[in-house]
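Colleague: Quick one: the structure is below, and I'll ask about it shortly.
The values are calculated or read from the model by the stated rules, or taken from the named source; none is laboratory data. Note that this is a predicted model, so its numbers are computed, not measured. Positions of Cβ are generated from backbone atoms using ideal geometry, with glycine treated the same way; all protein chains shown enter the neighbour counts. These area figures cover heavy atoms from the full protein model, side chains too; ligands, DNA and RNA do not enter into them. Shrake-Rupley method; radii C 1.70, N 1.55, O 1.52, S 1.80 Å.
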Amino acid sequence: MLRVLMFLIPLALTIYAFIDCLNTPEEETRHLPKVAWVFIILLFWVVGPVVWLAAGKHRAPAAGGRAGGPFASAREQRARYVAPDDNPEFLASLREGGAQDEALLKDWEADLRRREEELRRREGEQGTD
């Protein structure tokens, strides 16, 4: 059983690292291009995945953790999660979108009234014929 684990654990680690590398955007890879990381993971069976997980990908801090405080890089500042109700850009887009949506709704209502009047007029003409 131990021999099987000695084979399965590195295989699982290699598969995980390979899929993780493929799903990582090019701009989030560190030190080497993404293609080079794929070759390292596949060619160096045990060491490649460990090196990828340790140094190959820019990893964001945990959701509840600090993002570096005042000394954080610009990339870390952008990666910081902001709830929608705390994001001024999102709230402004709601206000702008709300005005556009109301104008569109008024146009639809006016078009609906016009069509209803047209149908009533047609039904009145057909009823008198």
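Colleague: Would you check the accessible area of I19, probe 1.4 Å, heavy atoms only, in square angstrom rounded to 10?
Modeller: Roughly 90 Å² of I19 is accessible to a 1.4 Å probe.
Colleague: What ranking do 46-56, 100-110 get when scored by the average of other Cβ atoms within 10 Å per residue, highest first?
Modeller: The packing order, highest mean first, is 46-56, 100-110.
Colleague: Figure the gain on full extension for L119 and F7 (residue separation times 0.36 nm, minus the Cα-Cα span) and round it to one decimal in nm.
Modeller: 32.7 nm
Colleague: Expressed in nm², what is the orientationally averaged projection area of the convex hull enclosing the Cα positions of segment 1-46?
Modeller: 3.2 nm²
Colleague: I'd like the FRET efficiency for D111 and D85, computed as 1/(1 + (r/R0)^6) with the beta carbon distance as r and R0 of 25 Å, rounded to 0.05.
Modeller: Taking R0 as 25 Å, the efficiency between D111 and D85 is 0.10.
Colleague: What is the packing order of peptides 2-8, 116-122, 20-26, taking the mean over residues of other C-beta atoms within 10 Å and listing the highest first?
Modeller: 20-26, 116-122, 2-8
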